[in-house]
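Undergrad: One structure, as structure tokens, below. Some questions next.
The values are calculated or read from the model by the stated rules, or taken from the named source; none is laboratory data. From a predicted model like this one, the values you see are computed outputs, not experimental measurements. Note that we place each Cβ from the backbone using ideal geometry, even for glycine, and neighbour counts take in every protein chain shown.
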Amino acid sequence: MDMRKQCLIGIFALLLTLLSGGGFSAYADAEGDRNRIGFTGTLTSSDTYSFDVAYHYRLSEYVGIGGAVGRWANYYDEGRASGPHWSVDDDDNRPSNYYLRPSVVLKTPGLRYRAATWSLYGEPGVMLNVPYQRVCIALTEHWPHTDYTYVSTSRGQWFAVELRAGLNVDIELCSISFGYLLSNLDIYSQYRQLSYNGVSFRDAYPVRGRMQGAFLSVAFNF
């Protein structure tokens, strides 16, 4: 089963759960806390981490729409493009990008235990990366003196589908969500479009067509 089908199945399952629990009924929160600001960090199987800041407008107690801005980065070298007397500079060999992530926050009706209310949590969204990548090339023909030049591309994957699903706990106006992340972002896609001095970067970096990981989010409702 491909990534898009898995994401769609997850979204439909969450929607059905909400519908069966009355998730789209009128918002009955007496305090009217319709605004949600959240801070999320992730770690993934593609050796990346990310951090974003999100805002969602709560249409009901269980549904919010909005988005986030953030940055992801790779922390482990898994290849390097190089040729005679040149190679990708160390600082640029690990891809990173900034992104905009429109998404929908979904929660099921909760189970209250003491001061906390526990519920299932889902956040399907799309990641819109900056569709441009520039990489520094270190030229070592006259070593130990090193010159530098740059190559860039506007090709490669910049759009990815992402699903976050797990548990949510509400404590007064604070929400903590954590769980599993699934995405089809290939972090080396833009790098594989680059070339220098007739040498393509395509074989230097692996294909990462599927990304899994974990997320942790802290949000405030007001």
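Undergrad: Here is a check on your reading of the model: is Leu106 farther than 21 Å from Leu185 by Cα, without any contact (Cβ under 8 Å) to a residue 24 or more places away in the chain, hydrophobic (A, V, I, L, M, F, W, C) and in contact with a Phe, Trp or Tyr (Cβ under 7 Å, 6 or more places away or on another chain)?
TA: Numbers: farther than 21 Å from Leu185 by Cα: yes; without any contact (Cβ under 8 Å) to a residue 24 or more places away in the chain: no; hydrophobic (A, V, I, L, M, F, W, C): yes; in contact with a Phe, Trp or Tyr (Cβ under 7 Å, 6 or more places away or on another chain): yes.
No; evaluated as a whole, the condition is false for this residue.
Undergrad: Need pairs with beta-carbon distance below 7 Å; first residue farther than 17 Å from Ser183 by Cα and within segment 118-133, second assigned to a strand (DSSP E or B) and β-branched (Val, Ile, Thr); sequence gap 6+ or separate chains.
TA: Trp118/Val169; Gln133/Thr153
Undergrad: For the subset of segment 120-151 comprising residues that are of a type in the set (Phe, Trp, Tyr) and at pLDDT 95 or above, which member is nearest to Pro84 (Cα to Cα)?
TA: The initial filter retains those residues of segment 120-151 that are of a type in the set (Phe, Trp, Tyr), namely 121, 132, 143, 148, 150.
Then keep just the ones that are at pLDDT 95 or above; that gives 121, 132, 148, 150.
Numbers: Tyr121: 52, Tyr132: 26, Tyr148: 14, Tyr150: 16 Å.
Among residues in segment 120-151 that are of a type in the set (Phe, Trp, Tyr) and at pLDDT 95 or above, the one nearest to Pro84 (Cα to Cα) is Tyr148.
Undergrad: Is it the case that Ile176 is at pLDDT 95 or above, among the β-branched types (Val, Ile, Thr), under 23 Å from Val69 (Cα atoms) and not in a strand (DSSP E or B)?
TA: no
Undergrad: Here is a follow-up. Does segment 184-198 hold any residues that are under 13 Å from Gln133 (Cβ atoms) and of a type in the set (A, V, I, L, M, F, W, C), and which are they?
TA: Hits for segment 184-198 are Ile187, Leu194.
Undergrad: What residue, of Leu173, Leu182, Leu194, Leu216, is touching a residue at least 60 places away in the same chain (Cβ under 8 Å) and more than 23 Å from Trp72 (Cα to Cα)?
TA: On the way: Leu182 fails: more than 23 Å from Trp72 (Cα to Cα); Leu194 fails: more than 23 Å from Trp72 (Cα to Cα); Leu216 fails: more than 23 Å from Trp72 (Cα to Cα).
Sole residue among the options that is touching a residue at least 60 places away in the same chain (Cβ under 8 Å) and more than 23 Å from Trp72 (Cα to Cα): Leu173.
Undergrad: Based on this model, can you work out whether Tyr113 counts as modelled with pLDDT of 95 or more and of a type in the set (Phe, Trp, Tyr)? So that I can check it myself, show each step before the final result.
TA: Details: modelled with pLDDT of 95 or more: no; of a type in the set (Phe, Trp, Tyr): yes.
Spelling it out, it is not the case that Tyr113 is modelled with pLDDT of 95 or more and of a type in the set (Phe, Trp, Tyr).
Undergrad: Mind listing whichever residues of segment 56-78 are crowded, with 17+ Cβ neighbours inside 10 Å and closer than 17 Å to Met211 by Cα?
TA: Trp72, Asn74, listed by residue number.
Undergrad: Go through segment 106-118 and count every residue that is small (Gly, Ala, Ser) and assigned to a strand (DSSP E or B). Explain how you work it out, then say what you get.
TA: Let us first name the residues in segment 106-118 that are small (Gly, Ala, Ser), namely 110, 115-116.
If we keep only those that are assigned to a strand (DSSP E or B) as well, we get 116.
So the answer is 1.
Undergrad: Something else about it: With the requirement that a residue be farther than 30 Å from Thr117 by Cα and in a strand (DSSP E or B), what does segment 145-169 give you?
TA: Our first condition is that a residue be farther than 30 Å from Thr117 by Cα; within segment 145-169, this holds for 145-160.
Answer for segment 145-169, where residues must be farther than 30 Å from Thr117 by Cα and in a strand (DSSP E or B): Asp147, Tyr148, Thr149, Tyr150, Val151, Ser152, Thr153, Phe159, Ala160.
Undergrad: Which members of segment 119-144 meet the condition of being under 25 Å from Arg101 (Cβ atoms), among the hydrophobic types (A, V, I, L, M, F, W, C) and part of a strand (DSSP E or B)? Quick ask: steps written out before the conclusion?
TA: First, pick out the residues of segment 119-144 that are under 25 Å from Arg101 (Cβ atoms): 119-135.
Remaining after also requiring among the hydrophobic types (A, V, I, L, M, F, W, C): 120, 126-128, 130, 135.
Of everything in segment 119-144, those that are under 25 Å from Arg101 (Cβ atoms), among the hydrophobic types (A, V, I, L, M, F, W, C) and part of a strand (DSSP E or B) turn out to be Leu120, Val126, Met127, Leu128, Val135.
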